[in-house]
1. At most 16 other Cβ atoms within 10 Å plus a DSSP loop assignment makes a site exposed; report the longest stretch of chain A without any exposed trypsin sites (Lys or Arg not before Pro).
2. Can you work out the accessible area per residue across the protein assembly as shown, with the rest of the protein chains kept in place, probe 1.4 Å, in square angstrom?
3. Within the range B:1-88, list the trypsin sites (Lys or Arg not before Pro) lying in a DSSP loop whose Cβ has at most 14 other Cβ atoms in a 10 Å radius.
4. Restricting to DSSP H runs of at least four residues, report the calculated mean residue ellipticity at 222 nm for chain B, -39500 (n - 2.57) per run over all residues, nearest 500 deg cm²/dmol.
5. Expressed in whole Å with the largest first, what are the equivalent ellipsoid semi-axes of the range A:154-258 derived from the C-alpha gyration tensor as the square root of 5 times each eigenvalue?
6. In straight Cα distance, which aspartates and glutamates are under 12 Å from A:Lys46, not counting same-chain residues fewer than 8 positions off?
7. Dipole size in debye (nearest 20) for the range A:89-221 around its Cα centre, Lys and Arg Cβ +1, Asp and Glu Cβ -1?
8. Which residue fluctuates the most in chain A, going by a Gaussian network model with Cα springs under 10 Å, if the choices are A:Gly202, A:Gly148, A:Gly121?
Amino acid sequence: MTSRRQIVAVIISALAATFATTFPMSGAGAAQINVAVAANFTEPAKEIAALFKQKTGHDAVLSFGSSGQFYSQITQGAPFHILLSADDVRPKKLISDGLGAPDSRFTYAVGKLVLWSKTPGLVKDGETLKSAIFAKVAICNPAAAPYGLAAVETLKSLKLYEALQPKLVEGATITQAYQFVETGNAEIGFVALSQLSGNPGGSQWLVPQDLYNPIRQDAVLLKSAAGNEAATGFMDFLKSPESRAIVLKYGYVLDRQS
Amino acid sequence: MGGLPFAIGQSVLLTIELAALTTLILLLLGTPLAWWLARSKAWWKEAVASIVALPLVLPPTVLGFYLLVLLGPQGPGGLVAQLWGGRTLAFTFAGLVFGSVLYSMPFVVQPIRNAFAAMGDRPLEAAATLRASPWRAFWTVAVPLARPGFLSGAVLGFAHTIGEFGLVLMIGGNIPGSTRVLSVAVFDYVETSQWREANIIAGGMVIFAFTVILGMTLIEKRASWRHS
């Protein structure tokens, strides 16, 4: 059943690819680039891509997932032009793998970790984690997503990791961790501050920066896209004041060095 | 690296447990359902049959999405979980069993229904003329005759639950020993670029699937050979 569905999917995507190359999105010099975006940056990326389209006419097609997933896909030849990672480790790795353009890497945002609950008043501060008023804490996979790693670092700094381990539930991405809390399946969870910028209510605690290593989110241009004007244009656009304003609006901090 | 065989072994065991329990429940629930679907003349029978068949067509993520809501504290699953002091059925083995039963139902019910339908009314009428009670006729005539259907239903239900992915990913929470089944483990290893581990499991599952298909084919061959 599944295999037949997959074969059909392959045929359809092959047809779609043929169609796309035969009839390009045309317009005067407008191009399409594929950007892999770490799940926590979903909302700002959409806004930036819309603005980018408005300014340049180029289409930035966004894919959302975990940084680890994208790293694996790119090493296997996934057709992305740019990776907006949730960490600086994977962009560095892509460069040392010979897949990323060495001088293209820069920090487009520094992420903030938040402990969040749907219930108003439930989360007050770090002490909340010591209480017994929750059965499950949602995080994202610490090995694949930096916000999960930051959550684990936070718990370790608070010396609560061992004790809370049986209560941890892992989402594949930060979006899934958010959903676990959103649907009430987990009472509390570690999410990105940017995810709460839409003001979903409940209660939250902005985890102090001294409890975890800064989440430096790096962008990298892939070597295969080095000559692609739209792709380099998007990288430059990420550094523009307009983009930076969007990044700040969603609760990220900007990197001092870049 | 010493933890590797343990982590994989744990997932193997968990997956087999889930598949076995799901198959058992489906045989218990599915048999009366299949019997009714095969023999009832109710006009709404096919509507029920269509509901049973839904997972064949629906993407597992659709089921996963509804289950995430249904199993949670605001849904009926939350009420059930309260029986043992829990808040949600997501992230629990019980939740996975519930999801798997829904997900694998057509794979068990369909073959049994077909087997019941194929044998027709004659054997049961013959049993009735010999004064067998319907209950006795069911156990001594219908069930033995439908054995190949039960066999393929059980094998398909088991194998399909082993291969379940989208559903577990969405409601499981990736907890070792309770929700981290093999398909999720493969996903996890690929996400974290642990190709060797992914390879071990994926390779094992290919061999398993091959064995199942081959076994099924042989069972069917034997059944048809016995009929002719």
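The values are calculated or read from the model by the stated rules, or taken from the named source; none is laboratory data. From a predicted model like this one, the values you see are computed outputs, not experimental measurements. Neighbour counts run over all protein chains shown; Cβ positions are idealised from the backbone, glycine included. Heads up: the accessible areas ignore ligands, DNA and RNA and are worked out on the full protein's heavy atoms, side chains in. Shrake-Rupley method; radii C 1.70, N 1.55, O 1.52, S 1.80 Å.
1. Working: sites that count: A:Lys124, A:Lys159, A:Lys239, A:Arg256.
Of all site-free stretches, the longest is A:1-123.
2. Computed with neighbouring chains in place, this is 49 Å² per residue.
3. B:Lys41
4. Counting only the DSSP helices, I get -25000 deg cm²/dmol.
5. Working: eigenvalues 203, 52, 49 Å².
Each semi-axis is √(5λ); the values are 32, 16, 16 Å.
6. A:Asp59
7. Details: 13 positive and 11 negative charges, 12 e Å.
Dipole of the range A:89-221, to the nearest 20 debye: 60 debye.
8. A:Gly121
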